[in-house]
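Below is one structure; the comments refer to it alone.
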Amino acid sequence: DSANGWQRDTATELLAWRGDKAAVPLLTKLVAEGKRPEARLHALVALDRLGGLTADVVKQALGDEHPGVQRHAVRL
């Protein structure tokens, strides 16, 4: 949930490269409770890349208060 975009990008890439499925529950929580819309969106991307995206998470993102998160949920 960092304000630093580079950190979010790098964390997303590292999780994908490592295939770290242990991060799935934490990313799911970040989609639900993240303070920054950018962090919620990055969590969605990471979940998708890890194969941990569920219909429930997408439904939750569709109801997000930020239109960017909603748009990405539609794409997913």
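Structural remarks
- Excluding ligands, DNA and RNA, the accessible surface per residue across the chain is 62 Å² with a 1.4 Å probe.
- Working note: Karplus 6.51/-1.76/1.60 with θ = phi - 60° gives segment 25-35 the couplings x, 5, 5, 4, 5, 5, 4, 7, 10, x, 7 Hz, where Gly and Pro are set to x.
- Here the Gaussian network model covers the chain, with springs between Cα atoms less than 10 Å apart; of ALA61, ALA43, ALA22, ALA22 fluctuates the most.
- With every protein chain in place, segment 12-64: carbon and sulfur % of accessible area (1.4 Å): 56
- Net lengthening on full extension, ALA32/ALA55 (0.36 nm per residue, minus Cα-Cα): 6.9 nm
- Each Lys and Arg contributes +1 and each Asp and Glu -1, all at the Cβ; summed about the Cα centre of segment 19-75, the dipole is approximately 80 debye.
- Short-range pairs are left out: with C-alpha atoms under 8 Å and at least six residues apart, the relative contact order of the chain is 29 percent.
- For Cα extents along the principal axes in Å, computed directly from the structure shown, the correct entry in (1) 30, 26, 19; (2) 34, 26, 25; (3) 49, 23, 15 is (1).
- Potential lengthening between GLU13 and ASP1 on full extension [0.36 nm per residue; Cα-Cα distance subtracted]: 2.8 nm
- Choice from ASP64, ASP48, ASP20 with maximal GNM fluctuation in the chain (Cα, 10 Å cutoff): ASP20
- Per-residue [θ]222 nm for the chain (sum of -39500 (n - 2.57) over DSSP H runs n ≥ 4, rounded to 500): -22000 deg cm²/dmol
The values are calculated or read from the model by the stated rules, or taken from the named source; none is laboratory data. What you are looking at is a predicted structure, and each value in this text was computed from that prediction instead of being measured. Virtual Cβ from ideal backbone geometry, glycine too; neighbours counted across all protein chains shown. SASA here: full protein model, heavy atoms, side chains in, ligands and nucleic acids out. Shrake-Rupley method; radii C 1.70, N 1.55, O 1.52, S 1.80 Å.
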